[in-house]
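Scroll down for the structure; my scribbles are underneath it.
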């Protein structure tokens with residue numbers, strides 16, 4: 001017999017910092033799906049994808065670049081042109097008609113990029129000229145070796161901060177309910193935060209206070225355009241993606257969370273799970289650890305199942321839980337959890353980033 005909805009805390013409504021009411025505690029995690037085309041303009045196919053998943057309490061869009069300099073992924077969307085803003089308006093209107101609440105995730109890839117993506121700007125930028133090692137990056141010309149990034153000059157950093165501000169302004173013009181600042185997964189903000197990738201000697205480098213400064217200036221700029229109660233921040237204290245992981249990670253991320261607590265943000269979104277890699281530089285940071293320094297809503301993320309998500313909400317570790325891969329092949333994830341219906345098998349990786357509907361908007365609901 002299906003469990004009654006009221007028995008599951010995941011299905012209980014939640015208000016994000018007195019600003020937005022989510023119908024449940026289930027979040028569509030931001031996932032790059034590469035369907036925006038070479039001009040990075042959201043389209044009708046993307047509108048259908050998000051409409052199908054609008055029963056989530058909150059949908060966070062796929063990572064969306066704030067400038068051409070920030071591009072680092074083939075066919076990912078942008079939010080730096082009028083055409084992109086209008087394209088996102090189509091997506092948001094579709095989500096809202098289906099009853100959804102949707103935030104736009106703001107992104108700059110930093111060193112996790114390649115000059116092929118931005119020929120006019122040249123080499124990717126970063127806090128310091130430290131390259132990623134690995135089997136290369138997928139570019140418009142195929143897979144190429146990572147490049148050594150160019151360190152941003154001190155005066156350039158504020159221009160990047162303003163790119164985030166302008167992107168947040170455009171997000172409101174497109175109708176989004178809020179924005180999420182992507183400070184995780186080894187992209188530009190994370191590169192500034194972590195001592196492994198930030199070897200600067202100016203006011204943006206050195207001690208943890210200086211390394212946090214870039215994120216802090218972005219939060220200040222974004223909340224000048226969007227009310228703080230409609231702004232979230234995402235961090236990944238335990239992750240190795242894009243070759244991250246610093247010995248002082250616990251000090252860095254505890255400090256960042258404590259500082260972010262002063263803003264009255266919509267939430268702090270933490271990739272706390274270890275399912276997709278852990279740097280093993282100490283005990284992993286947990287949600288209860290962040291509870292001690294951040295008093296707003298917490299979103300947990302990273303390999304959660306419906307059962308482990310329910311347990312995290314039940315014991316108060318998290319207020320909401322974000323699901324990524326399960327949402328690819330289960331557009332009706334909320335309904336399946338509510339009725340104890342089985343989840344569809346995880347979609348194979350070879351359909352995650354294909355430039356067509358296959359493996360994107362063609363997964364059936366449970367019957």
Among the candidates 74, 65, residue that is over 16 Å from residue 327 (Cβ atoms) and either touching a helix residue (DSSP H, G or I) at 6+ places or on another chain (Cβ under 6 Å) or crowded, with 24+ Cβ neighbours inside 10 Å (or both): 65
Hits in the range 270-282 (condition: surrounded by fewer than 15 Cβ atoms within 10 Å (Cβ to Cβ) and closer than 13 Å to residue 253 by Cβ): 282
query: Yes or no: residue 283 closer than 25 Å to residue 111 by Cα and modelled with pLDDT of 95 or more?
result: no
task: Being under 11 Å from residue 104 (Cβ atoms) and in contact with a helix residue (DSSP H, G or I) (Cβ under 8 Å, 6 or more places away or on another chain) narrows it down to one of 167, 174, so name that one.
output: 174
query: Out of all the residues in the range 101-124, which are closer than 16 Å to residue 79 by Cβ and in contact with a strand residue (DSSP E or B) (Cβ under 6 Å, 6 or more places away or on another chain)?
result: 102, 103, 104, 105, 106, 107
- request: Would you check if there is a residue in the range 51-59 being in contact with a helix residue (DSSP H, G or I) (Cβ under 8 Å, 6 or more places away or on another chain), at pLDDT 95 or above and part of a helix (DSSP H, G or I)?
  value: yes
message: Any residue that is under 18 Å from residue 77 (Cα atoms) and under 13 Å from the mean Cα position of the chain (by Cα) - is there at least one of those in the range 187-206?
response: yes
- request: Write out, first by first residue and then by second, each pair whose Cβ atoms fall under 9 Å of each other, whose residues are 6+ apart or on separate chains, and whose first residue, in the range 146-161, is on the phi > 0 side of the Ramachandran plot and buried (at least 19 other Cβ atoms within 10 Å of the Cβ) while the second is part of a loop (DSSP other than H, G, I, E, B) and at pLDDT 95 or above.
  value: none
task: Those residues that are touching a residue at least 40 places away in the same chain (Cβ under 8 Å) and over 29 Å from residue 73 (Cβ atoms), I need them from the range 308-340; list them, please.
output: 310, 313, 314, 319, 335, 337, 338, 339, 340
- request: Count, please, the residues in the range 246-280 that happen to be in contact with a strand residue (DSSP E or B) (Cβ under 6 Å, 6 or more places away or on another chain) and assigned to a loop (DSSP other than H, G, I, E, B).
  value: 3
Residues that are in a helix (DSSP H, G or I) and surrounded by fewer than 22 Cβ atoms within 10 Å (Cβ to Cβ), drawn from the range 300-311: 306, 307, 308, 310, 311
- request: Taking residue 139 as meeting all but one of (1) free of Cβ contacts under 8 Å to residues at least 40 places away in the same chain; (2) in contact with a helix residue (DSSP H, G or I) (Cβ under 7 Å, 6 or more places away or on another chain), write down the number of the exception.
  value: (1)
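Report whether or not residue 30 is in contact with a strand residue (DSSP E or B) (Cβ under 8 Å, 6 or more places away or on another chain) and either part of a loop (DSSP other than H, G, I, E, B) or crowded, with 23+ Cβ neighbours inside 10 Å (or both).
Against the criterion (in contact with a strand residue (DSSP E or B) (Cβ under 8 Å, 6 or more places away or on another chain) and either part of a loop (DSSP other than H, G, I, E, B) or crowded, with 23+ Cβ neighbours inside 10 Å (or both)), residue 30 qualifies.
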message: So in the range 284-297, with the set limited to residues that are in contact with a helix residue (DSSP H, G or I) (Cβ under 9 Å, 6 or more places away or on another chain) and in contact (Cβ under 8 Å) with a residue 24 or more places away in the chain, which one is surrounded by the fewest Cβ atoms within 10 Å (Cβ to Cβ)?
response: 295
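The values are calculated or read from the model by the stated rules, or taken from the named source; none is laboratory data. Since the structure is predicted, the reported quantities are computational estimates derived from the model, not experimental observations. Note that we place each Cβ from the backbone using ideal geometry, even for glycine, and neighbour counts take in every protein chain shown.
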